[in-house]
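Visitor: Mind looking over this structure? Questions follow.
The values are calculated or read from the model by the stated rules, or taken from the named source; none is laboratory data. Predicted model only: the values in this text are computed from it and were never measured. Note: ideal-geometry Cβ built from the backbone for every residue, glycine included; neighbour counts use all protein chains shown.
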Amino acid sequence: MAGALDAALTLDGTAAHILATAAGGVILQRGDFALGTVTTVVAQPLPFSGRVAAMSRGWALIAGPTGQLAAAGIGGVRAVPGTITSPSATRPVAAIDDGRALVADGNHILEVSLPIGITEPVLLTVDPGPIFIGGYARVRIDPTGSGMTFDDLELSVEDVDLGAISPSRDDTFDPAKPHLLLAGGWKTGEGVVVAKRVSTGEVVGKAAFDITDVWPDRDEGPTFSVTGKCDAPVVRPAWGGGDATPQNVDVFKAPAKWRVAIILVDTTTNTYPTAAADLNAIRNDWFKAMTGGVNVGGVVRSVTAYFNEVSYGKMTMSLVGNAVAGPVHTPGNWDSYFDVELEPDPANPGMNRPRRWNPKPTLGRRSSPRWSRPMLRRPRRRRRNRRSWTSRRPTRWRSWCGR
(Lines give C-alpha, C1' and ligand atoms only; values in the text may rest on other atoms or scores of the structure.)
Protein backbone atom coordinates (compact mmCIF):
# COMPACT_ATOMS: atom_id res chain seq x y z
CA MET A 1 0.00 0.00 0.00
CA ALA A 2 1.52 3.30 -1.10
CA GLY A 3 2.52 5.59 1.72
CA ALA A 4 2.08 2.98 4.48
CA LEU A 5 4.66 3.20 7.25
CA ASP A 6 3.38 0.59 9.72
CA ALA A 7 0.27 -1.49 10.38
CA ALA A 8 -1.33 -3.57 13.15
CA LEU A 9 -4.43 -5.77 13.33
CA THR A 10 -7.40 -4.49 15.31
CA LEU A 11 -8.31 -6.48 18.40
CA ASP A 12 -11.17 -8.28 16.62
CA GLY A 13 -8.98 -9.11 13.60
CA THR A 14 -11.43 -7.65 11.06
CA ALA A 15 -9.36 -4.62 10.11
CA ALA A 16 -5.93 -3.05 10.37
CA HIS A 17 -4.62 0.22 11.75
CA ILE A 18 -2.35 1.86 9.19
CA LEU A 19 0.12 4.68 9.64
CA ALA A 20 0.45 6.44 6.33
CA THR A 21 2.04 9.58 4.95
CA ALA A 22 -0.21 12.38 3.76
CA ALA A 23 -0.03 16.06 3.04
CA GLY A 24 1.15 17.74 6.21
CA GLY A 25 2.46 14.64 7.98
CA VAL A 26 1.47 11.17 9.13
CA ILE A 27 -2.17 10.10 9.60
CA LEU A 28 -4.01 7.06 10.96
CA GLN A 29 -6.13 5.00 8.57
CA ARG A 30 -8.28 1.89 8.92
CA GLY A 31 -8.32 -0.91 6.39
CA ASP A 32 -11.49 -3.05 6.49
CA PHE A 33 -10.84 -6.60 5.24
CA ALA A 34 -14.48 -7.48 4.57
CA LEU A 35 -15.28 -4.32 2.64
CA GLY A 36 -11.89 -3.94 1.05
CA THR A 37 -11.82 -0.24 1.93
CA VAL A 38 -9.34 2.13 3.51
CA THR A 39 -10.74 5.09 5.46
CA THR A 40 -9.05 7.89 7.34
CA VAL A 41 -9.63 7.61 11.08
CA VAL A 42 -7.81 10.78 12.05
CA ALA A 43 -7.21 13.40 9.40
CA GLN A 44 -5.28 15.46 11.95
CA PRO A 45 -1.55 14.84 11.43
CA LEU A 46 0.04 12.86 14.23
CA PRO A 47 2.65 14.65 16.35
CA PHE A 48 5.23 12.05 15.30
CA SER A 49 5.63 8.93 13.20
CA GLY A 50 6.58 5.54 14.61
CA ARG A 51 5.05 2.14 15.23
CA VAL A 52 1.41 1.27 15.86
CA ALA A 53 -0.49 -1.22 18.07
CA ALA A 54 -4.20 -1.88 18.53
CA MET A 55 -6.21 -0.69 21.52
CA SER A 56 -9.87 -1.12 22.46
CA ARG A 57 -12.80 0.85 20.96
CA GLY A 58 -10.99 1.15 17.63
CA TRP A 59 -8.14 3.22 19.06
CA ALA A 60 -4.48 2.75 18.23
CA LEU A 61 -1.31 3.40 20.24
CA ILE A 62 1.58 5.05 18.42
CA ALA A 63 5.13 5.00 19.79
CA GLY A 64 7.67 7.48 18.47
CA PRO A 65 11.34 6.63 18.02
CA THR A 66 12.44 8.70 21.04
CA GLY A 67 9.89 7.38 23.54
CA GLN A 68 6.81 9.54 22.84
CA LEU A 69 3.40 7.88 23.05
CA ALA A 70 0.02 8.93 21.69
CA ALA A 71 -3.41 7.36 21.32
CA ALA A 72 -5.32 8.00 18.11
CA GLY A 73 -8.95 7.24 17.29
CA ILE A 74 -12.27 8.76 16.31
CA GLY A 75 -11.90 11.34 19.10
CA GLY A 76 -8.64 12.65 17.64
CA VAL A 77 -5.05 12.39 18.81
CA ARG A 78 -4.38 12.25 22.55
CA ALA A 79 -0.80 12.57 23.72
CA VAL A 80 0.36 10.42 26.64
CA PRO A 81 2.21 12.62 29.17
CA GLY A 82 5.89 11.86 29.65
CA THR A 83 8.28 9.83 27.58
CA ILE A 84 9.92 6.45 27.82
CA THR A 85 13.62 6.70 28.57
CA SER A 86 15.34 4.19 26.35
CA PRO A 87 18.78 4.02 24.72
CA SER A 88 17.29 2.68 21.48
CA ALA A 89 14.22 3.21 19.31
CA THR A 90 10.91 2.13 20.85
CA ARG A 91 7.87 0.48 19.33
CA PRO A 92 4.59 -0.79 20.80
CA VAL A 93 4.05 -4.51 21.05
CA ALA A 94 0.50 -4.69 22.41
CA ALA A 95 -2.00 -2.93 24.63
CA ILE A 96 -2.63 -5.12 27.70
CA ASP A 97 -5.77 -3.16 28.49
CA ASP A 98 -6.93 0.46 28.38
CA GLY A 99 -4.51 1.37 31.17
CA ARG A 100 -1.33 -0.51 30.23
CA ALA A 101 0.73 -1.30 27.16
CA LEU A 102 3.83 -3.28 26.34
CA VAL A 103 6.56 -1.35 24.55
CA ALA A 104 9.78 -2.82 23.23
CA ASP A 105 13.15 -1.22 22.80
CA GLY A 106 16.24 -2.89 21.45
CA ASN A 107 16.81 -5.07 24.49
CA HIS A 108 13.76 -5.01 26.76
CA ILE A 109 9.99 -5.28 26.96
CA LEU A 110 8.63 -2.44 29.08
CA GLU A 111 5.19 -2.13 30.69
CA VAL A 112 3.86 1.41 30.39
CA SER A 113 0.94 2.91 32.33
CA LEU A 114 -1.55 4.88 30.23
CA PRO A 115 -3.82 7.64 31.56
CA ILE A 116 -7.22 6.44 32.75
CA GLY A 117 -9.88 7.12 30.14
CA ILE A 118 -7.56 7.82 27.24
CA THR A 119 -9.70 5.68 24.89
CA GLU A 120 -13.10 6.74 26.23
CA PRO A 121 -15.41 8.60 23.80
CA VAL A 122 -15.17 11.80 25.88
CA LEU A 123 -11.74 13.04 26.96
CA LEU A 124 -11.55 14.37 30.53
CA THR A 125 -8.41 16.20 31.60
CA VAL A 126 -7.73 17.28 35.19
CA ASP A 127 -5.25 20.10 35.82
CA PRO A 128 -1.81 18.54 36.37
CA GLY A 129 -0.42 18.05 39.85
CA PRO A 130 -1.94 16.84 43.10
CA ILE A 131 -4.85 18.63 44.78
CA PHE A 132 -4.49 19.61 48.43
CA ILE A 133 -7.25 18.52 50.82
CA GLY A 134 -10.15 20.91 50.28
CA GLY A 135 -8.55 22.45 47.19
CA TYR A 136 -9.86 22.47 43.66
CA ALA A 137 -8.81 21.85 40.07
CA ARG A 138 -10.38 22.28 36.64
CA VAL A 139 -11.72 19.31 34.74
CA ARG A 140 -11.72 19.99 31.01
CA ILE A 141 -14.25 18.15 28.87
CA ASP A 142 -13.62 17.36 25.19
CA PRO A 143 -16.47 15.42 23.50
CA THR A 144 -14.90 15.67 20.00
CA GLY A 145 -15.86 12.71 17.83
CA SER A 146 -18.23 11.22 20.43
CA GLY A 147 -21.44 12.53 18.91
CA MET A 148 -22.26 14.18 22.23
CA THR A 149 -22.21 17.73 23.49
CA PHE A 150 -21.24 19.09 26.89
CA ASP A 151 -24.91 19.37 27.88
CA ASP A 152 -25.37 15.63 27.25
CA LEU A 153 -22.95 14.83 30.07
CA GLU A 154 -23.00 14.65 33.86
CA LEU A 155 -19.76 14.46 35.86
CA SER A 156 -19.22 12.92 39.28
CA VAL A 157 -16.48 11.42 41.48
CA GLU A 158 -16.50 7.68 42.15
CA ASP A 159 -15.45 8.05 45.80
CA VAL A 160 -17.31 11.01 47.33
CA ASP A 161 -14.79 11.19 50.20
CA LEU A 162 -12.12 12.15 47.65
CA GLY A 163 -14.04 14.98 46.03
CA ALA A 164 -17.08 16.30 44.21
CA ILE A 165 -17.85 18.04 40.92
CA SER A 166 -19.41 21.50 41.01
CA PRO A 167 -21.94 21.76 38.17
CA SER A 168 -21.89 25.58 38.17
CA ARG A 169 -20.36 27.57 35.34
CA ASP A 170 -18.26 30.54 36.41
CA ASP A 171 -17.17 33.63 34.46
CA THR A 172 -14.26 31.73 32.89
CA PHE A 173 -16.52 29.08 31.34
CA ASP A 174 -16.05 28.79 27.58
CA PRO A 175 -18.72 26.76 25.72
CA ALA A 176 -16.16 25.97 23.02
CA LYS A 177 -13.75 24.56 25.63
CA PRO A 178 -15.96 23.63 28.58
CA HIS A 179 -14.71 22.86 32.06
CA LEU A 180 -16.09 22.25 35.55
CA LEU A 181 -14.42 22.46 38.94
CA LEU A 182 -13.39 19.45 41.00
CA ALA A 183 -13.45 20.19 44.75
CA GLY A 184 -11.06 18.03 46.75
CA GLY A 185 -12.44 15.96 49.62
CA TRP A 186 -11.10 15.19 53.08
CA LYS A 187 -9.45 11.87 52.22
CA THR A 188 -6.07 11.43 50.54
CA GLY A 189 -5.44 9.05 47.66
CA GLU A 190 -6.22 8.60 43.98
CA GLY A 191 -9.72 9.30 42.75
CA VAL A 192 -11.52 9.04 39.43
CA VAL A 193 -13.80 11.58 37.77
CA VAL A 194 -16.50 9.92 35.68
CA ALA A 195 -18.55 11.39 32.83
CA LYS A 196 -21.89 9.76 32.07
CA ARG A 197 -24.32 10.29 29.23
CA VAL A 198 -27.39 11.75 30.93
CA SER A 199 -29.89 9.96 28.73
CA THR A 200 -28.54 6.43 29.31
CA GLY A 201 -26.26 6.56 32.37
CA GLU A 202 -23.46 5.06 30.25
CA VAL A 203 -19.90 5.91 31.35
CA VAL A 204 -18.27 7.76 28.46
CA GLY A 205 -15.24 9.39 30.07
CA LYS A 206 -12.80 8.99 32.97
CA ALA A 207 -9.84 10.85 34.46
CA ALA A 208 -7.69 10.26 37.54
CA PHE A 209 -6.62 12.79 40.18
CA ASP A 210 -4.64 12.74 43.43
CA ILE A 211 -5.57 14.25 46.80
CA THR A 212 -2.62 15.01 49.08
CA ASP A 213 -2.15 16.42 52.57
CA VAL A 214 1.39 17.70 51.94
CA TRP A 215 1.99 20.93 50.03
CA PRO A 216 5.60 21.41 48.83
CA ASP A 217 5.53 25.14 47.97
CA ARG A 218 6.41 27.38 50.92
CA ASP A 219 5.77 30.58 48.95
CA GLU A 220 2.49 29.87 47.18
CA GLY A 221 -0.27 28.05 49.02
CA PRO A 222 -2.74 25.53 47.62
CA THR A 223 -6.16 26.26 46.19
CA PHE A 224 -9.08 26.35 48.62
CA SER A 225 -12.75 25.54 48.09
CA VAL A 226 -15.80 25.91 50.31
CA THR A 227 -18.74 23.55 49.97
CA GLY A 228 -22.17 23.65 51.54
CA LYS A 229 -23.93 26.57 53.19
CA CYS A 230 -21.72 29.58 53.95
CA ASP A 231 -22.95 31.77 56.79
CA ALA A 232 -21.91 35.40 56.44
CA PRO A 233 -23.71 37.33 59.19
CA VAL A 234 -23.89 41.09 58.98
CA VAL A 235 -21.45 42.70 61.38
CA ARG A 236 -23.33 44.30 64.28
CA PRO A 237 -21.06 46.78 66.06
CA ALA A 238 -21.58 47.22 69.77
CA TRP A 239 -20.48 50.71 70.72
CA GLY A 240 -19.23 51.68 74.17
CA GLY A 241 -20.34 54.65 76.27
CA GLY A 242 -23.06 55.03 78.80
CA ASP A 243 -22.77 54.76 82.56
CA ALA A 244 -20.25 52.79 84.61
CA THR A 245 -22.25 49.55 84.51
CA PRO A 246 -21.21 46.68 82.19
CA GLN A 247 -21.96 47.52 78.56
CA ASN A 248 -22.85 45.39 75.53
CA VAL A 249 -23.57 42.26 77.52
CA ASP A 250 -24.87 39.31 75.51
CA VAL A 251 -24.62 41.13 72.18
CA PHE A 252 -23.00 38.03 70.67
CA LYS A 253 -23.94 35.15 72.89
CA ALA A 254 -21.69 32.15 73.11
CA PRO A 255 -23.43 28.86 72.35
CA ALA A 256 -24.79 27.18 75.48
CA LYS A 257 -23.69 23.79 74.15
CA TRP A 258 -20.38 22.92 72.52
CA ARG A 259 -19.81 19.63 70.69
CA VAL A 260 -16.14 18.63 70.57
CA ALA A 261 -14.64 15.88 68.44
CA ILE A 262 -11.39 14.14 69.36
CA ILE A 263 -9.73 12.22 66.54
CA LEU A 264 -6.51 10.23 66.87
CA VAL A 265 -4.17 10.86 63.93
CA ASP A 266 -0.81 9.24 63.27
CA THR A 267 1.92 9.27 60.62
CA THR A 268 4.07 6.56 59.06
CA THR A 269 6.88 7.47 61.48
CA ASN A 270 5.03 5.95 64.41
CA THR A 271 1.55 4.50 64.28
CA TYR A 272 -0.95 3.80 67.01
CA PRO A 273 -1.02 0.19 68.25
CA THR A 274 -3.30 -2.23 66.45
CA ALA A 275 -4.09 -4.37 69.49
CA ALA A 276 -7.56 -3.48 70.74
CA ALA A 277 -6.55 -3.36 74.41
CA ASP A 278 -3.65 -0.95 73.78
CA LEU A 279 -5.67 1.29 71.48
CA ASN A 280 -8.64 1.42 73.82
CA ALA A 281 -6.34 2.46 76.68
CA ILE A 282 -5.23 5.50 74.65
CA ARG A 283 -8.81 6.36 73.71
CA ASN A 284 -9.83 6.05 77.35
CA ASP A 285 -7.11 8.49 78.45
CA TRP A 286 -8.45 11.15 76.08
CA PHE A 287 -12.06 10.36 76.95
CA LYS A 288 -11.43 10.82 80.68
CA ALA A 289 -9.48 14.05 80.11
CA MET A 290 -12.32 15.46 78.04
CA THR A 291 -15.46 14.37 79.82
CA GLY A 292 -15.08 11.27 81.98
CA GLY A 293 -12.83 12.87 84.56
CA VAL A 294 -9.33 12.26 85.90
CA ASN A 295 -8.56 12.12 89.62
CA VAL A 296 -5.86 14.70 90.35
CA GLY A 297 -5.02 15.17 94.04
CA GLY A 298 -8.38 13.80 95.08
CA VAL A 299 -10.29 16.10 92.72
CA VAL A 300 -11.91 14.75 89.57
CA ARG A 301 -11.09 17.14 86.74
CA SER A 302 -12.06 17.31 83.05
CA VAL A 303 -12.39 19.85 80.26
CA THR A 304 -16.18 19.58 80.43
CA ALA A 305 -16.26 20.13 84.19
CA TYR A 306 -13.91 23.11 83.99
CA PHE A 307 -15.99 25.09 81.48
CA ASN A 308 -19.18 24.20 83.27
CA GLU A 309 -17.74 25.57 86.51
CA VAL A 310 -16.27 28.82 85.19
CA SER A 311 -19.47 29.61 83.25
CA TYR A 312 -21.59 29.03 86.37
CA GLY A 313 -23.38 26.19 84.61
CA LYS A 314 -24.30 28.22 81.55
CA MET A 315 -22.00 26.32 79.17
CA THR A 316 -21.94 22.57 78.62
CA MET A 317 -19.62 20.51 76.46
CA SER A 318 -20.09 17.05 75.00
CA LEU A 319 -17.89 14.64 73.09
CA VAL A 320 -19.19 13.90 69.59
CA GLY A 321 -20.49 10.33 69.58
CA ASN A 322 -19.44 10.11 73.22
CA ALA A 323 -16.28 8.40 71.97
CA VAL A 324 -12.77 9.16 70.73
CA ALA A 325 -12.55 8.52 66.97
CA GLY A 326 -9.69 7.16 64.88
CA PRO A 327 -6.97 6.54 64.38
CA VAL A 328 -6.69 8.19 60.98
CA HIS A 329 -3.49 7.16 59.20
CA THR A 330 -1.81 9.93 57.17
CA PRO A 331 0.34 8.88 54.20
CA GLY A 332 3.39 11.01 55.11
CA ASN A 333 5.92 10.78 57.92
CA TRP A 334 6.04 13.09 60.95
CA ASP A 335 8.66 15.41 59.40
CA SER A 336 6.39 15.89 56.37
CA TYR A 337 3.91 17.80 58.51
CA PHE A 338 5.83 19.38 61.41
CA ASP A 339 8.98 21.38 62.16
CA VAL A 340 10.71 21.30 65.53
CA GLU A 341 10.98 24.65 67.29
CA LEU A 342 14.21 25.16 69.24
CA GLU A 343 15.00 27.23 72.33
CA PRO A 344 18.26 28.03 74.16
CA ASP A 345 19.39 25.24 76.46
CA PRO A 346 20.22 26.75 79.90
CA ALA A 347 22.24 23.67 80.82
CA ASN A 348 24.43 24.03 77.73
CA PRO A 349 25.19 27.68 76.87
CA GLY A 350 25.38 28.28 73.14
CA MET A 351 23.31 25.16 72.44
CA ASN A 352 19.64 24.71 71.66
CA ARG A 353 17.12 22.15 72.78
CA PRO A 354 13.77 21.13 71.28
CA ARG A 355 10.81 23.12 72.59
CA ARG A 356 7.79 21.92 70.61
CA TRP A 357 6.57 20.80 67.20
CA ASN A 358 4.77 23.29 64.94
CA PRO A 359 2.74 22.58 61.78
CA LYS A 360 4.77 23.31 58.67
CA PRO A 361 3.61 26.30 56.62
CA THR A 362 3.21 23.84 53.73
CA LEU A 363 0.61 21.90 55.72
CA GLY A 364 -1.90 24.48 54.48
CA ARG A 365 -4.21 26.88 56.23
CA ARG A 366 -7.16 24.50 56.10
CA SER A 367 -5.54 21.75 58.11
CA SER A 368 -3.52 23.83 60.58
CA PRO A 369 -6.40 24.66 62.97
CA ARG A 370 -7.13 20.97 63.34
CA TRP A 371 -3.75 20.40 64.98
CA SER A 372 -3.96 22.68 68.01
CA ARG A 373 -0.58 22.92 69.68
CA PRO A 374 -1.48 21.36 73.04
CA MET A 375 -2.54 18.24 71.15
CA LEU A 376 0.55 17.86 68.94
CA ARG A 377 1.84 14.63 70.34
CA ARG A 378 3.18 11.60 68.57
CA PRO A 379 1.53 8.27 69.43
CA ARG A 380 3.36 6.96 72.45
CA ARG A 381 5.79 4.13 71.86
CA ARG A 382 5.29 0.90 73.75
CA ARG A 383 8.60 1.21 75.55
CA ARG A 384 8.20 2.49 79.08
CA ASN A 385 10.10 5.33 80.73
CA ARG A 386 10.76 7.00 77.42
CA ARG A 387 9.47 10.42 76.43
CA SER A 388 9.55 12.14 73.06
CA TRP A 389 10.21 15.87 72.80
CA THR A 390 6.50 16.51 72.44
CA SER A 391 5.68 14.76 75.68
CA ARG A 392 8.21 16.53 77.92
CA ARG A 393 5.28 18.11 79.76
CA PRO A 394 2.85 15.23 80.32
CA THR A 395 0.67 17.36 82.62
CA ARG A 396 -0.02 19.99 79.96
CA TRP A 397 -3.61 18.87 79.58
CA ARG A 398 -4.24 19.80 83.18
CA SER A 399 -4.01 23.47 82.29
CA TRP A 400 -7.29 22.95 80.41
CA CYS A 401 -8.89 21.81 83.63
CA GLY A 402 -8.29 24.90 85.74
CA ARG A 403 -4.75 24.52 86.98
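Visitor: I'd like to know if the range 296-319 contains one or more residues that are outside the structural domain of Phe132 (by TED's automatic domain parsing), at pLDDT 90 or above and under 32 Å from the mean Cα position of the chain (by Cα).
Guide: Yes, the range 296-319 has at least one match.
Visitor: Considering only residues that are part of a loop (DSSP other than H, G, I, E, B) and free of Cβ contacts under 8 Å to residues at least 40 places away in the same chain, look in the range 174-186 and name the one that is surrounded by the fewest Cβ atoms within 10 Å (Cβ to Cβ).
Guide: Ala176
Visitor: Is there a residue in the range 263-284 that is part of a helix (DSSP H, G or I) and of a type in the set (Asp, Glu)?
Guide: Within the range 263-284, one or more residues are part of a helix (DSSP H, G or I) and of a type in the set (Asp, Glu).
Visitor: A further question follows. Here are some conditions: (1) surrounded by 14 or more Cβ atoms within 10 Å (Cβ to Cβ); (2) at pLDDT 90 or above; (3) in a loop (DSSP other than H, G, I, E, B). Pro346 meets all but one. Which one does it not meet?
Guide: Among (1) surrounded by 14 or more Cβ atoms within 10 Å (Cβ to Cβ); (2) at pLDDT 90 or above; (3) in a loop (DSSP other than H, G, I, E, B), Pro346 violates only (1).
Visitor: May I pose another question? Mind listing whichever residues of the range 292-327 are surrounded by 13 or more Cβ atoms within 10 Å (Cβ to Cβ) and within 27 Å of Thr267 (Cα to Cα)?
Guide: Val303, Leu319, Val324, Ala325, Gly326, Pro327
Visitor: OK, next. Quick test of your reading of the structure: Ala195 fulfils all but one of (1) more than 16 Å from the chain's Cα centre (by Cα); (2) small (Gly, Ala, Ser); (3) at pLDDT below 95. Name the failing condition by number.
Guide: All conditions are met except number (3).
Visitor: Next up: Does Val93 fit the bill of being in a strand (DSSP E or B), among the β-branched types (Val, Ile, Thr), at pLDDT below 85 and within 23 Å of Glu111 (Cβ to Cβ)?
Guide: yes
Visitor: Looking at this structure, is Ser199 loosely packed, with under 13 Cβ neighbours inside 10 Å, in a loop (DSSP other than H, G, I, E, B), touching a residue at least 24 places away in the same chain (Cβ under 8 Å) and not assigned by TED's automatic domain parsing to the domain that holds Val42?
Guide: Spelling it out, Ser199 is indeed loosely packed, with under 13 Cβ neighbours inside 10 Å, in a loop (DSSP other than H, G, I, E, B), touching a residue at least 24 places away in the same chain (Cβ under 8 Å) and not assigned by TED's automatic domain parsing to the domain that holds Val42.
Visitor: Identify the residue in the range 142-168 that is more than 25 Å from Gly228 (Cβ to Cβ) and touching a Leu at 6+ places or on another chain (Cβ under 8 Å) and, among all such residues, is modelled with the lowest pLDDT.
Guide: So, considering only residues that are more than 25 Å from Gly228 (Cβ to Cβ) and touching a Leu at 6+ places or on another chain (Cβ under 8 Å), the one modelled with the lowest pLDDT is Thr144.
Visitor: I would also like to ask the following. Having 1 or more residues that are of a type in the set (Gly, Ala, Ser) is the bar; report the strands (runs of 3 or more DSSP E) wholly within the range 108-173 that clear it.
Guide: 109-113, 136-142, 153-157, 163-166
Visitor: Which residue, of Ala276, Ala244, Ala289, is surrounded by 13 or more Cβ atoms within 10 Å (Cβ to Cβ) and at negative phi?
Guide: Ala289
Visitor: Considering only the range 8-48, how many residues are surrounded by fewer than 18 Cβ atoms within 10 Å (Cβ to Cβ) and either closer than 12 Å to Ala72 by Cα or not assigned by TED's automatic domain parsing to the domain that holds Ile96 (or both)?
Guide: Of the residues in that region, 6 qualify.
Visitor: Taking Asp171 as the residue in question, decide whether it is under 26 Å from Phe224 (Cα atoms) and touching a Gly at 6+ places or on another chain (Cβ under 8 Å).
Guide: no
Visitor: Scan the range 266-321 for residues that are touching a residue at least 12 places away in the same chain (Cβ under 8 Å), among the hydroxyl-bearing types (Ser, Thr, Tyr) and more than 28 Å from Ser336 (Cα to Cα) and jot them down.
Guide: Scanning the range 266-321 gives Thr291, Ser302, Thr304, Tyr306, Thr316, Ser318.
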